[in-house]
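To start, the structure under review is shown below, and the notes come after it.
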Amino acid sequence: MSNKRKTALITGITGQDGSYLADFLLAKNYAVYGLERRSSQKDRQNIQHIMGKIKMVSGDLLDEASLVHAIREAKPDEIYNLAAQSFVGESWKQPVYTGEVTGLGAVRVLEAVRQVDPKIKFYQASSSEMFGAVRETPQTETTPFYPRSPYGVAKLYAHWITVNYRESYGLFAVSGILFNHESPRRGLEFVTRKITYTAALIKQRRAKELRLGNLDASRDWGFAGDYVEAMWLMMQEKKPRDFVIGTGETHTVREFVEEVFLYLGLDYKKYVKIDKKLLRPAEVNYLKADASHVQRELGWKPKTDYKALARLMADADMAAVAHER
């Protein structure tokens, strides 16, 4: 048995999931490479603390030749494709770009793997948004998909093309169907981070209101730092299989708001305003994971519950807002 140090290439390493995965893999003694577009070099905030421990390679999901070059340079054992236009709301404004990056980007990486070295293991970041207008509750690996946004549709293409390359070319290619997962490294445009950051501003008397759209949308929320372990576990299996990753608990946006504001000693009803401009053309109303398969097969369970997540994010944003001041 070889004790060779493993190498991983992460697309989207500067994002929330990519940065937590990089932390996780470094702790497992991996050599970690991050794929980075030239235009995103200024956005290294999430990986600033590990810049001396990882190597960055240039590449873009819109350009297959650059992906071939990056894979040849990194020589990875595992590729984690976490890069995407990942904001659902923005996908309505940029549907074609979302399709190019989030959908066709995945097949460009798969095709590059097939050309350079078909033995490389490939992980695709699939999304609960593929379930959309849900056909059954809770959602499992066999629940039919019904996406309700250009983002969900693009993710569904990437999901099925991953299955297709696995079955057609014998690649070790897997998809983790991750339900909503949040953290202090989440972008400010995402609803949970928008809530915790604005609540921190209100608490420190630097904002007077929080504008939100649909407070009744229900989501299965977990902590991103827990979910990257599930990605890694999937890649250590002998046979490639897809798994639903979630907590099995659902809460509304309103409940998340209430939890955060209560924790900070505020009455959310005094500050939250509904803004109809923030409502989506088609809404995903209710998502709830059945993660019994991943628990049974891989022994994975989330460590951070919903309340702990809300408080973790609120504490981080209280510190961030105080620091900015």
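The values are calculated or read from the model by the stated rules, or taken from the named source; none is laboratory data. Computed from a prediction, not measured in an experiment: that's the story for all the values here. All Cβ positions, even for glycine, are placed from backbone atoms using ideal geometry, and neighbour counts span all protein chains on display.
Data table
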item	result
Checklist (1) among the acidic types (Asp, Glu); (2) surrounded by fewer than 18 Cβ atoms within 10 Å (Cβ to Cβ); (3) within 24 Å of GLY176 (Cβ to Cβ) applied to ASP216, failing item	(3)
The one condition in (1) among the hydroxyl-bearing types (Ser, Thr, Tyr); (2) in a helix (DSSP H, G or I); (3) over 19 Å from LEU9 (Cβ atoms) that THR162 fails to fulfil	(3)
Any hit, the range 127-148, residues being touching a His at 6+ places or on another chain (Cβ under 9 Å), closer than 24 Å to ASP43 by Cβ, outside any helix (DSSP H, G or I) and not aliphatic (A, V, I, L, M)	yes
The range 312-325 residues that are within 10 Å of LEU201 (Cβ to Cβ), paired with ones that are of a type in the set (S, T, N, Q) and part of a helix (DSSP H, G or I) (beta carbon under 7 Å, 6 or more apart)	ASP317/THR196
Selected residue [touching a Lys or Arg at 6+ places or on another chain (Cβ under 8 Å) and either part of a helix (DSSP H, G or I) or within 17 Å of MET231 (Cβ to Cβ) (or both)] from VAL32, VAL101, VAL96	VAL32
Residue within the range 219-231 that is surrounded by 15 or more Cβ atoms within 10 Å (Cβ to Cβ) and in a loop (DSSP other than H, G, I, E, B) present	yes
Any chance GLY176 is closer than 29 Å to ARG296 by Cα and out of contact with any Lys or Arg (no Cβ under 7 Å at 6 or more places or on another chain)	yes
Test: LYS269 is in contact (Cβ under 8 Å) with a residue 60 or more places away in the chain, among the charged types (D, E, K, R) and not assigned by TED's automatic domain parsing to the domain that holds TYR169	no
Candidate set: the range 248-266, residues that are assigned to a helix (DSSP H, G or I) and without any contact (Cβ under 8 Å) to a residue 40 or more places away in the chain; chosen: the one surrounded by the fewest Cβ atoms within 10 Å (Cβ to Cβ)	LEU262
